[in-house]
1. For ILE125, which of the numbered conditions (1) more than 10 Å from the ligand (Cβ to nearest atom); (2) among the hydrophobic types (A, V, I, L, M, F, W, C); (3) surrounded by fewer than 18 Cβ atoms within 10 Å (Cβ to Cβ) fails to hold?
2. Take the conditions within 13 Å of the ligand (Cβ to nearest atom), within 24 Å of ARG19 (Cα to Cα) and out of contact with any strand residue (DSSP E or B) (no Cβ under 7 Å at 6 or more places or on another chain) and apply them to MET63. Does it pass?
3. Residues in segment 242-254: is at least one among the hydroxyl-bearing types (Ser, Thr, Tyr) and surrounded by 16 or more Cβ atoms within 10 Å (Cβ to Cβ)?
4. What is the number of the single condition among (1) farther than 30 Å from GLN41 by Cβ; (2) within 16 Å of the ligand (Cβ to nearest atom); (3) without any contact (Cβ under 8 Å) to a residue 40 or more places away in the chain that PRO109 does not meet?
5. Report the residue count in segment 159-211 for those that are under 16 Å from PHE147 (Cα atoms) and outside any helix (DSSP H, G or I).
6. Which of the strands (runs of 3 or more DSSP E) contained wholly in segment 1-107 include at least 1 residues that are surrounded by 21 or more Cβ atoms within 10 Å (Cβ to Cβ), within 25 Å of the chain's Cα centre (by Cα) and of a type in the set (S, T, N, Q)?
7. Taking VAL159 as the residue in question, decide whether it is under 16 Å from TRP297 (Cβ atoms), in contact with a helix residue (DSSP H, G or I) (Cβ under 6 Å, 6 or more places away or on another chain), modelled with pLDDT of 95 or more and of a type in the set (Val, Ile, Thr).
Amino acid sequence: MTSSSEGEILQSGQLIRDRWKVNKKVGGGGFGEIFDAFDLQNHNERVAIKVESSKATKQVLKMEVAVLRRLQGKKHACKFYGCGRNDKFNYLVMSLQGKNLADLRRESPRQCFSVSTALRLGVQILLGIKEIHSIGFLHRDIKPSNFAMGRTPTTMRVVYMLDFGLARQYLNAKGEIRSPRSAAGFRGTVRYAAVTAHKNKEMGRQDDLFSLFYMLVEFLQGSLPWRKIKDKDEVGRMKEEADFDVLLEGCPSDLLNIPAHLKSLGYPDDPDYDLLEQTLRNILSRMNVNMDDPYDWELN
Ligand code: ADP
């Protein structure tokens, strides 16, 4: 127990819609707060409840619900169980996952993952990004704390994508690419944002993938060169000037294919997801990694 629950939107023991019994806070802080809870109508199955105050100036839970509903049936999406609102808060009930990838990396010996673990996570994150793009949305806040491993025997080796609060539709109802705005406010997280976001330009699919690339560098190296820089513009400049060879020093050189491909794409262009996946898989197979080998945190 770190703090008293006074002032939280939900209290331990609280019942929502006579069905979900709130347990403890498990995360959040950005836009919402996440609690774990028991589903009294389903053998006390553990679920996650994301809540947002009705008073929040930026209401994003509605967008999260819309995206999560459309993602149902996809491998890297949480299950949607319900949503609702009352005079105090809006809530979304979904499957409860395990640890997020930011925590898992920080708990690792040298704050980094082995090539085997990093690149296999990379394949799963890539497929998750491909899924959200396939329903016509960009995620726009791809970062390690927005991915978590499952927590049941059948899901604990699957990566789940979280947090669609900053998602944006890039396709219109006809399935055409929406025209880009000439200026857009910065969205996302400075450390992982693509250069496009730093420049306040409309983000495209390649920008979610650039964030994945920065995640991979951090997984492999243990840090990114701009990790201590607070100034967003300075970080943007560092990213623009960054030499990919230097970022990837000591890493498999085929990884250079990733930024090389992403740099060649403009807002409307279709990323070649297969090329990116093959790049990761080729390195893994050359290293004789099996996709079901243990992940770093499963050893010893
Ligand atoms: P916010 O929008 O407030 O940043 P997120 O949706 O990003 O909230 O969630 C914050 C943290 O809460 C995540 O990093 C993760 O650790 C945890 N979390 C979120 N959703 C779930 C879930 N379905 N199961 C387990 N943990 C979750």
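1. (3)
2. yes
3. No: zero hits.
4. Result: PRO109 fails condition (2) only.
5. 14
6. Because the criterion is at least 1 residues that are surrounded by 21 or more Cβ atoms within 10 Å (Cβ to Cβ), within 25 Å of the chain's Cα centre (by Cα) and of a type in the set (S, T, N, Q), the strands (runs of 3 or more DSSP E) in segment 1-107 that meet it are 89-95.
7. yes
Yes/no matrix, rows are residues, columns are (1) in contact with an Asp or Glu (Cβ under 8 Å, 6 or more places away or on another chain); (2) within 19 Å of ILE132 (Cα to Cα); (3) polar (S, T, N, Q):
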residue: THR57; (1), (2), (3): no, no, yes
residue: VAL67; (1), (2), (3): no, yes, no
residue: GLY82; (1), (2), (3): no, no, no
residue: ASP87; (1), (2), (3): no, no, no
residue: GLU107; (1), (2), (3): no, no, no
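The values are calculated or read from the model by the stated rules, or taken from the named source; none is laboratory data. Only a predicted model underlies this, so the values are computations on that prediction, with no experimental measurement involved. Neighbour counts are summed over all protein chains in view; Cβ atoms, including those assigned to glycine, are modelled from backbone coordinates with ideal geometry.
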